[in-house]
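What follows is one structure encoded as structure tokens, with my remarks underneath.
The values are calculated or read from the model by the stated rules, or taken from the named source; none is laboratory data. The structure displayed is predicted, hence computed values, not measured ones. So basically every Cβ, Gly included, is an ideal-geometry build from the backbone, and we count neighbours across all protein chains shown.
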Amino acid sequence: MNAFRILLADDHPVFRLGLRSVLGSHENWRICSEAADGQEAIEKCIHLRPDLILLEICLPRLNGVDGVRQILKDNPAQRILILTNVDSEKVVRDCLQAGVRGWVLKSDGIDDLITAVEALQLPNCVSAKTPAMLVDGRWKGNQGLSPLETPQLSPREREVLQCLAEGRRLKDVAANLNISVKTADTHRTSIMSKLNLHSSSRLVIYAVRNKIIQMPFRSVARPLEPQESFSQWSPSPGSSRTSR
């Protein structure tokens, strides 16, 4: 039997190491690669064609929601399981509408993740817990999901918005997205107009509130216990990134 190949996409190396240890010990599962940001996740997905992508929503360069859309545009059959601390209803809806197969919170137990991955080994299966609902077959085809009334930004505008909110200068945005500075500025103007924002600080606030970016935080690495939850070894607000 061929190994079930999993791509890990999370911007915290210690967390990826923990996932590799947990999932890599499972019979017939193999971690084929890792990605530290959204763009890298897309590139490796296209190149490696993993059986499953385990994806964090809040990623630098390209957030997970937009990453999901691009991945599934290239390969609609790609299985994606979200593993995150984000419990925003809007983000859950956006991801389910885009075609995500399952959702597990980092505050859930390790057994929950194992169960979700096992379920997603089955063809056409949609399974796993979400913050306030069980994702199952009824979500297929976007049934039961009513769109939230939010300004519609194009995929490129969302990329520009994320880069600007992360504090990049306009020329850096253009270089990162392989567009001209003039085009980047045109997108910025369009974004500000659509969202009715009139300052860079308001743009950052919008991006944070809508889970396009996360505020910086730090974490502490420590040994794992067999039955502890993911939230105990993932970054959490107010903690320190490195121990001294």
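So which residues in region 68-90 are without any contact (Cβ under 8 Å) to a residue 60 or more places away in the chain, under 13 Å from Asp108 (Cβ atoms) and buried (at least 20 other Cβ atoms within 10 Å of the Cβ), if there are any at all?
Leu81, Ile82, Thr84
Considering only residues of region 113-143 that are part of a helix (DSSP H, G or I) and either farther than 26 Å from Ser21 by Cβ or in contact with a Cys (Cβ under 9 Å, 6 or more places away or on another chain) (or both), which is modelled with the highest pLDDT?
Top of the filtered list is Ala119.
Restricting attention to region 85-104, which residues are under 19 Å from Cys58 (Cβ atoms), touching a strand residue (DSSP E or B) at 6+ places or on another chain (Cβ under 7 Å) and not small (Gly, Ala, Ser)?
Scanning region 85-104 gives Asn85, Asp87, Val92, Cys95, Val100, Trp103, Val104.
Can you tell me which residues in region 45-67 are crowded, with 20+ Cβ neighbours inside 10 Å and at pLDDT 90 or above?
Answer for region 45-67, where residues must be crowded, with 20+ Cβ neighbours inside 10 Å and at pLDDT 90 or above: Cys45, Pro50, Leu52, Ile53, Leu54, Leu55, Glu56.
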